[in-house]
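Written out below as structure tokens is the structure these notes cover.
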Amino acid sequence: MVIFGATGDLTKRKLYPALYYLARDGYLPEGFAIVGVGRQELSDEDFRSQIIDDLNEFVGDSADKELVDWFRERTLYTGGDFDKDKELFDDIGSRLEKACDEFSIPRNFFFYLAVPPSLFATVTTLICRHGLAEESNGEWRRVIFEKPFGRDLASAKELNSHILRILNERQIFRIDHYLGKETVQNILVFRFGNSIFEPIWNRNYVDHVQITVAEDLGVEQRAGYYDNAGALRDMVPNHIFQLITLTAMEPPASFEADAVRDEQEKVLQAVKTYSPEEVLSNSVRGQYGAGTIAGEPVPAYRDEEDVPENSETETYAALKLSIDNWRWAGVPFYVRTGKRMERKHTSVMIQFKKAPFVLFRNTPVEKLTTNRIVLHIQPDEGISLHFGAKVPGPVVRMGGVDMDFDYAEHFGETVSTGYERLLYDCMIGDATLFQRADMVESSWRIVSPVLDVWEAIPARGFPNYESGSWGPEEADELLAKDGRSWKNDIE
Ligand code: BG6
């Protein structure tokens, strides 16, 4: 495995710990080594010490010394400017040869591009130019691209066409770390591994769907990237669209990568693309002001490190989307994401229609508890079913109750970074959980009109939500005009 961006945050927080957990659970072959590539000039020994310290920090006290030493031995490093240093890629090639000989590794290589997207095209070109991506004698070569994949439809298309000229689609793995989450993968198992939910999973029974990806964290030290991206680009065409497609797709013919991705792509194609007028009535943006989270005061976005004081960047986005197909026509999908919201919470809520008729005195139909299924993605992972039950007593009164399945309670806690499955799948060549070129482009096609309108019409009244709240009032109005409201009290 070659990691570009080896001294960066992603490598130390996620990639090395993920490799550690894979090795611990017996999913890494004995013939395995890592070549780290970074801008800094470091010796193998310096890099090893650094990465091993990080591993101990992020895996914690439980890090097994023998396993850590196993990684130490198998880690090599080379440094230089990715786009200027002519010798760098020759050096990567010789490091790979050295590692293959030393640890008897077959010449199967995968390259992880944990670098800014502006370098994706250059690094891929250089990998190919130096022959490192050439597959021969049954050996494979693969490249993993971190998000964001482009910043709009035009740039995503350009990048796709560039890398597809020099690599084959089956060598390309566009990562979306949401697909590494157990609970996200479980959406498919829940829907297609059971027979009782699918018959009601459509417009005849479902009133609407709400997807919330709320974070309590602010922009942290990432303003350089985030202030140019904003909440919509950062979260919607990737993570939120994964949740939508898995929730809304038809059963695939098989679990082969392309069968699953064909169905996801069909959902994206059915999502209505808005005209500028429709964007205005179906989208809301926000930016956080100062406030309090978990009892602690937090600053406004504009007062965060490296954020311009007049920044117009949105830290919150909400959309009402329509999936214009046979299954979902007329069922709105409301999605929202924001930073510095009341608490970290990601869920998909399927709200079912009300019972058609009031049978019980004292319970007018508006008060009848309606049914919903909530897929809790994080931090609590599980599934709950909400329904009405009789409150004990001489008169018939209804109350809402929940049937809960809690992952940790049932299966026990498993520590993971969410990258394990994705790295493993790349090694075995299974691209099911990775985005295909057409999916990336369809996602940008849907959000592009929103980005265009937001760029053309500057936001008014930013900051428009307090840190620690559930977002701007306009987002409540987006649902209120349809006679609905966000469900904020899902635990
Ligand atoms: C990343 C975004 O892709 O996802 C971040 O760039 C965001 O801004 C993060 O904080 C959220 O991931 P998770 O796994 O914490 O929900």
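The values are calculated or read from the model by the stated rules, or taken from the named source; none is laboratory data. On a predicted model such as this, the values are computed, not experimentally measured, just so you know. Note that each Cβ is placed from the backbone with ideal geometry, even for glycine, and that neighbours are counted across all protein chains shown. Surface areas here come from the heavy atoms of the whole protein model, side chains and all, with no ligands, DNA or RNA. Shrake-Rupley method; radii C 1.70, N 1.55, O 1.52, S 1.80 Å.
A few points about this structure:
- For the stretch 365-386, the count of residues that are of a type in the set (Lys, Arg), modelled with pLDDT of 90 or more and under 27 Å from the mean Cα position of the chain (by Cα) is nonzero.
- The set of residues in the stretch 12-40 that are open to solvent by 70 Å² or more (accessible area, probe 1.4 Å), more than 28 Å from the chain's Cα centre (by Cα) and not acidic (Asp, Glu) contains only GLN40.
- Single residue of the stretch 393-410 satisfying the filter (open to solvent by 90 Å² or more (accessible area, probe 1.4 Å) and modelled with pLDDT under 90) that is farthest from GLY60 (Cα to Cα): PRO394
- First in the stretch 404-428 and on the phi < 0 side of the Ramachandran plot, second anywhere and among the acidic types (Asp, Glu), Cβ under 6 Å, 6 or more apart: TYR407/GLU381
- When ASP9 is tested against (1) over 29 Å from SER118 (Cβ atoms); (2) without any contact (Cβ under 8 Å) to a residue 24 or more places away in the chain, exactly one condition is not met: (1).
- Verdict on THR292 being among the polar types (S, T, N, Q) and touching a Leu at 6+ places or on another chain (Cβ under 7 Å): no
- The stretch 159-190, subset without any contact (Cβ under 8 Å) to a residue 24 or more places away in the chain and in a helix (DSSP H, G or I), residue most open to solvent (accessible area, probe 1.4 Å): ARG165
- Subset of the stretch 279-331 (residues that are surrounded by 15 or more Cβ atoms within 10 Å (Cβ to Cβ) and either hydroxyl-bearing (Ser, Thr, Tyr) or free of Cβ contacts under 8 Å to residues at least 24 places away in the same chain (or both)): SER283, TYR288, TYR301, SER311, THR313, THR315, TYR316, SER322
- Per the listing VAL213, VAL236, VAL184, VAL189, the residue uniquely in contact with a Ser or Thr (Cβ under 6 Å, 6 or more places away or on another chain) and β-branched (Val, Ile, Thr) is VAL213.
- Of all the criteria given as (1) on the phi > 0 side of the Ramachandran plot; (2) assigned to a strand (DSSP E or B); (3) of a type outside the set (Ser, Thr, Tyr), the one not satisfied by HIS208 is (1).
- When we screen THR337, THR417, THR346 for residues that are within 16 Å of the ligand (Cβ to nearest atom), at pLDDT below 90 and crowded, with 20+ Cβ neighbours inside 10 Å, the only hit is THR417.
- Boolean, SER443 is out of contact with any helix residue (DSSP H, G or I) (no Cβ under 8 Å at 6 or more places or on another chain) and under 28 Å from GLN185 (Cα atoms): no
- Qualifying residue in the stretch 433-443 (condition: within 16 Å of the ligand (Cβ to nearest atom), part of a helix (DSSP H, G or I), open to solvent by less than 30 Å² (accessible area, probe 1.4 Å) and not acidic (Asp, Glu)): yes
- Pairs with Cβ under 9 Å, 6+ apart, first in the stretch 124-148 and within 28 Å of TYR178 (Cα to Cα), second modelled with pLDDT of 95 or more and of a type in the set (Ser, Thr, Tyr): ALA133/THR124; VAL143/TYR112; VAL143/THR124; ILE144/TYR112; PHE145/TYR112; PHE145/THR124; GLU146/TYR112
- Single condition VAL395 does not satisfy, out of (1) without any contact (Cβ under 8 Å) to a residue 40 or more places away in the chain; (2) touching a helix residue (DSSP H, G or I) at 6+ places or on another chain (Cβ under 6 Å): (2)
Residue-by-condition table, conditions (1) away from the ligand (no atom under 12 Å from the Cβ); (2) more than 28 Å from GLU312 (Cβ to Cβ); (3) in contact with a Cys (Cβ under 6 Å, 6 or more places away or on another chain):
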residue: PHE149; (1), (2), (3): no, no, no
residue: SER155; (1), (2), (3): yes, no, no
residue: GLU169; (1), (2), (3): yes, yes, no
residue: VAL184; (1), (2), (3): no, yes, no
residue: TYR205; (1), (2), (3): yes, yes, no
residue: GLY218; (1), (2), (3): no, no, no
residue: TYR226; (1), (2), (3): no, no, no
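- Restricting the stretch 247-270 to residues that are open to solvent by 10 Å² or more (accessible area, probe 1.4 Å) and touching a helix residue (DSSP H, G or I) at 6+ places or on another chain (Cβ under 7 Å), the residue that is farthest from the ligand (Cβ to nearest atom): ALA253
- Taking the listed residues ASP81, ASP54, the one that is at pLDDT 90 or above, touching a Leu at 6+ places or on another chain (Cβ under 8 Å) and open to solvent by 10 Å² or more (accessible area, probe 1.4 Å) is ASP81, with no other qualifying.
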